[in-house]
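The values are calculated or read from the model by the stated rules, or taken from the named source; none is laboratory data. Bear in mind that the values here come from a model prediction, so they are computed numbers and not experimental data. Note that each Cβ is placed from the backbone with ideal geometry, even for glycine, and that neighbours are counted across all protein chains shown. Surface areas here come from the heavy atoms of the whole protein model, side chains and all, with no ligands, DNA or RNA. Shrake-Rupley method; radii C 1.70, N 1.55, O 1.52, S 1.80 Å.
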Amino acid sequence: ALKPPPNSFARKAKAKLEKDPDAFFAWIAGEYDKNVLLHGSTEDAYALYLEGEKTKVLKKIANTEKRMRSIERVLERMRKAGAPSAQVDAHHHDEFVPALATLRDHRLTLAWIERDINLLSTAEGRKRFRDYSRGVIRRARAMRLPAA
């Protein structure tokens, strides 16, 4: 078996997993921003969490779209005032382009959330969710077993 490099995240994770898989799941959930601990949770609790996240993302989308409209108004005023095109282009590049990327990211997040909500809204989807989750836990626990 391959050993992760000393002092690496992989080595730390492997040691925690080998010691106690349940504690590992709680630890790993805190290691990444926006991770949600599903281990020990219910599908209904996760669906409720997703609905809350959807509401947050929809607000972020609305705020970003509002900000983009404001930037567009500033750009239009700059053009009407005869600002040099390099200045207008720079403002567009520095303000509008990042806002557009943020909007794209929020819409992508919304699509994933809606996908998961739809998945959990059907009996077959819930079964797939449970089967996948159980498989992950089973594989993690199997890592504790000595190699054959």
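A compact table of results
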quantity: Cleavage-rule hits (GluC sites (Glu not before Pro)) in segment 28-130: DSSP loop, at most 12 neighbouring Cβ within 10 angstrom; calculated: none
quantity: Theoretical ellipticity at 222 nm over the chain - DSSP helices of four or more residues, -39500 (n - 2.57) apiece, nearest 500; calculated: -25500 deg cm²/dmol
quantity: R0 of 25 Å, Cβ-Cβ distance ARG73-ARG104: FRET efficiency to nearest 0.05; calculated: 0.75
quantity: Carbon/sulfur fraction of accessible area - segment 1-133, other protein chains in place, 1.4 Å, %; calculated: 56 percent
quantity: Choice from ASP44, ASP94, ASP131 with maximal GNM fluctuation in the chain (Cα, 10 Å cutoff); calculated: ASP94
quantity: Per residue value of the accessible surface for the chain (all protein chains in place, 1.4 Å probe), Å²; calculated: 73 Å²
